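Scroll down for the structure; my scribbles are underneath it.
The values are calculated or read from the model by the stated rules, or taken from the named source; none is laboratory data. All values reported here derive from a predicted model rather than from experimental measurement. When we count neighbours, we look across all protein chains shown, and the Cβ atoms used for this are built from the backbone with ideal geometry, even at glycine. Keep in mind that these areas ignore ligands, DNA and RNA; they rest on the heavy atoms of the full protein, side chains included. Shrake-Rupley method; radii C 1.70, N 1.55, O 1.52, S 1.80 Å.
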Amino acid sequence: MRLRPHHSMCLQFFVGKGYSAPFNRKMSETLSLPSNTKVTVTFGLDDICGHCPNHPDGKCTSEAHVSEIDSAVASILSWTEGSETTLGEFIARAEQDITRKGLLRKTCGNCSFMEICAPLAEGKKEPRI
Ligand code: SF4
């Protein structure tokens, strides 16, 4: 499947509260796929966006904002257009190298879902020794 970088963050914290019922179904369905499902990284609309109501003209209405998050996530994880991975790795690497390192606010900034994701991310952060 094709996934944009920032969806590696959204998938970690999805609790059923997305943009619409079809979007929520697609997120749940994606999370239930085998972890070895092939993922190709893309920086445009992806397989999850296809079920979102926010692209009436074939372009995300929040493209400027989400592109920034895509770039921030991709830069930390060294993903470029067409990078290949598996669904399990796609999520696990973002969790390990972004969430556990306390970088959620750095990558996702003022995303409207921050109040859901931030408390969940706190619980995953690696303790400072
Ligand atoms: S808001 Fe934009 S980036 Fe996010 S799922 Fe919808 S179309 Fe895709």
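Just report the Cα centroid separation between the range 52-69 and the range 77-102, whole Å. Taking the Cα centre of the range 77-102 as reference, the centre of the range 52-69 is 21 Å away.
For E126, the accessible surface of its heavy atoms amounts to roughly 80 Å² (probe 1.4 Å, protein chains only, rounded to the nearest 10).
Considering only G58, G82, G18, the mean-square fluctuation computed in a Gaussian network model of the chain, springs between alpha carbons under 10 angstrom, is largest for G58.
Considering all different alpha carbon pairs of the range 2-122, the Kirkwood hydrodynamic radius works out to 14.3 Å. Accessible area of D97 (1.4 Å probe, protein heavy atoms only, ligands and nucleic acids ignored): about 40 Å².
Between K106 and Y19, what FRET efficiency comes out of the Förster formula 1/(1 + (r/R0)^6) with R0 = 22 Å and r the beta carbon distance, rounded to 0.05?
0.40
Across T61, T86, T99, the residue with the most accessible area heads the list, and the full order at a 1.4 Å probe is T61, T86, T99.
Here r is the Cβ-Cβ distance between H55 and K125 and R0 is 41 Å; the resulting FRET efficiency, rounded to 0.05, is 0.80.
Of the accessible area of the chain, computed with a 1.4 Å probe over protein heavy atoms only, carbon and sulfur atoms account for 52 percent. In the complete set of protein chains, residue-level accessible area for F43 is approximately 70 Å², probe 1.4 angstrom. Annotation: amide H of R2 within the under-5 Å range of T40, D47, sequence separation 5 or more or interchain, hydrogens built in the peptide plane. Treating cross-link reach as a plain straight distance, find the lysines whose alpha-carbon is under 30 Å from the alpha-carbon of K59, omitting any fewer than eight places away in the same chain. Leaving aside lysines fewer than 8 places away in the same chain, those within reach of K59 are K17, K26, K38, K106.
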